[in-house]
2 protein chains.
Amino acid sequence: MATDRNARLVEWLEDAFAMEQEAETLLKAMGGRIEHYPDLKARIEQHVVETQGQMQELEGCLEALGGSKPTLKAAAGSVMASMHAMGNAMMNDEVAKGVGISYAFEQMEIATYRALAIAARRAGQESIAERCLAIQAQEEAMANWLYDAQPQIITAFLDREAAEMDAKR
Amino acid sequence: MATDRNARLVEWLEDAFAMEQEAETLLKAMGGRIEHYPDLKARIEQHVVETQGQMQELEGCLEALGGSKPTLKAAAGSVMASMHAMGNAMMNDEVAKGVGISYAFEQMEIATYRALAIAARRAGQESIAERCLAIQAQEEAMANWLYDAQPQIITAFLDREAAEMDAKR
């Protein structure tokens, strides 16, 4: 069982798991729909695999603390993510908005793992802190990739639109 | 009237206006509720004023392009932001989550103004590009402030919670 000292850490790990389930749903929806931006599609598909690994890591952390598999929150998160993905799909500039939204989502994840590492260290759970910081590094790599790729994607979107080519995805 | 060449730029300026209205609602709700984190409260209140100035800038850009004041989208954004703010208020770790959410929101704004500046330059609207980059610099300053302040806020939150003091806001 989780001790009081670990209660906040367990709650934040469960929240992170729900967040990653939402990320997986969003990324899969976005990656699956992209047609004309192959580098973006490939990087998103790579990050879907990373995200699945992160969820396993979080489960491992929760098991180490005697917590249970988080399922309920995750289910709610997944419904929200599906609605987000549908909303994005309706935009006539889906890929342009999608880059901004997924970049912001990565930044939310970075903030989440920074907070988790602090909470883990305070609870004396150094190995959990290390695992959170390793996940944070993956999120930073994805955020940096999106930031660096954004000007090129926006330019390609505007070029395609100006040429009356299918630009949306 | 906006020309075809400006149509995408006008649409993105209107989207940015709606985003800033949502930001204003979120920031006001968050800032107004914080009790025990005075530096964060002060920085958020400063950014509310900056956000209001940004909305005026966006209106000026739209007027320069012959567009109308964006109202409908903004109203919908405001309802969404109110729901977000209510959701956040129900969290027992409101301030900890709020820092991450507002940091991610700033990053979304940064991505938005980067895209806008590219679209403005392509439309030959250099002065609108400059105004967007000036707003982007304000968003970056806010994002950096939140990033730098986060460890201290998380630590203060965990300290207060451990001492059974009111930590939530």
So how much accessible area does B:Lys69 have, in Å² to the nearest 10, using a 1.4 Å probe? 130
Excluding the sites themselves, what is the longest stretch of chain B that contains no GluC sites (Glu not before Pro) in a DSSP loop with at most 14 other C-beta atoms within 10 Å? B:36-163
Against the longest principal axis of chain B, how steep is helix B:126-162, in degrees 0 to 90 to the nearest 10, with axes from Cα atoms? 10
How much net charge surrounds B:Glu106 when only other residues with a Cβ under 12 Å from its Cβ are counted (Lys, Arg +1; Asp, Glu -1)? -4
Here the FRET efficiency for B:Arg5 versus B:Ala89, based on Cβ atoms and R0 = 35 Å and rounded to 0.05, is 0.20
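Expected output is a single nm value to one decimal: the length gained when fully extending between A:Glu63 and A:Gln46, i.e. 0.36 nm times separation in residues minus the C-alpha distance. What is it? Let's see the in-between values first.
Working: separation 17, 0.36 × 17 = 6.12 nm, distance 2.62 nm.
Result for the pair: 3.5 nm of gain on full extension.
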How far apart, in nm, are the 7 Å Cα→Cβ label points at A:Ala141 and B:Arg121? 2.9
If one takes the longest principal axis of the Cα atoms in chain A, at what angle in degrees, from 0 to 90 and to the nearest 10, does the Cα axis of helix A:4-33 lie? 20
Whole-Hz Karplus couplings 3J(HN,Hα) for the stretch B:163-169, θ = phi - 60° and coefficients 6.51, -1.76, 1.60, Gly and Pro as x, run 8, 6, 8, 5, 10, 3, 9
Order the following by accessible area, largest value first: A:Ile101, A:Ile154. Probe radius 1.4 Å; ligands, DNA and RNA are ignored. A:Ile101, A:Ile154
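Hey, could you grab the Kirkwood Rh for the stretch B:1-51? Inverse mean 1/r over distinct alpha carbon pairs, Å, one decimal.
On the way: mean 1/r = 0.0796 Å⁻¹.
Taking every pair of different Cα atoms in the stretch B:1-51, averaging 1/r and inverting gives 12.6 Å.
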Which angle from 0 to 90°, rounded to the nearest 10, does the C-alpha axis of helix B:38-64 make with the longest principal axis of chain B? 10
For a quick check of understanding: with a 1.4 angstrom probe and all protein chains in place, what accessible area in square angstrom does B:His36 have, to the nearest ten? 60
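Percent of accessible area on the protein assembly as shown owned by carbon and sulfur, 1.4 Å probe? Don't jump to the answer; show the numbers that get you there.
Values: 8550 of 15100 Å².
Exposed carbon and sulfur together represent 57 percent of the surface.
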Please report, in whole Å, how far the alpha carbons of chain B spread along each principal axis, starting with the longest. 61, 28, 19
Positive-end residue of A:Asn92, B:Gln136, A:Ile44, charge dipole of the protein assembly as shown with Cβ unit charges: A:Asn92
Which of A:Lys69/B:Lys28; A:Lys28/A:Lys168; A:Lys28/A:Lys97 have a Cα-Cα distance over 25 Å? A:Lys69/B:Lys28
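Taking a 1.4 Å probe, which of B:Thr51, B:Thr155 shows the most accessible area, and what order do the others take after it? List each step's numbers first, then the result.
Numbers: B:Thr51 0, B:Thr155 50 Å².
So the residues, ranked largest to smallest area, are B:Thr155, B:Thr51.
The values are calculated or read from the model by the stated rules, or taken from the named source; none is laboratory data. Nothing here was measured: the structure is a model prediction, and the numbers come from that model. Quick reminder, even Gly has a Cβ in these numbers, built from the backbone with ideal geometry, and neighbours come from all protein chains shown. The protein model used for the area step is the full one, side chains on, heavy atoms only, and it has no ligands, DNA or RNA in it. Shrake-Rupley method; radii C 1.70, N 1.55, O 1.52, S 1.80 Å.
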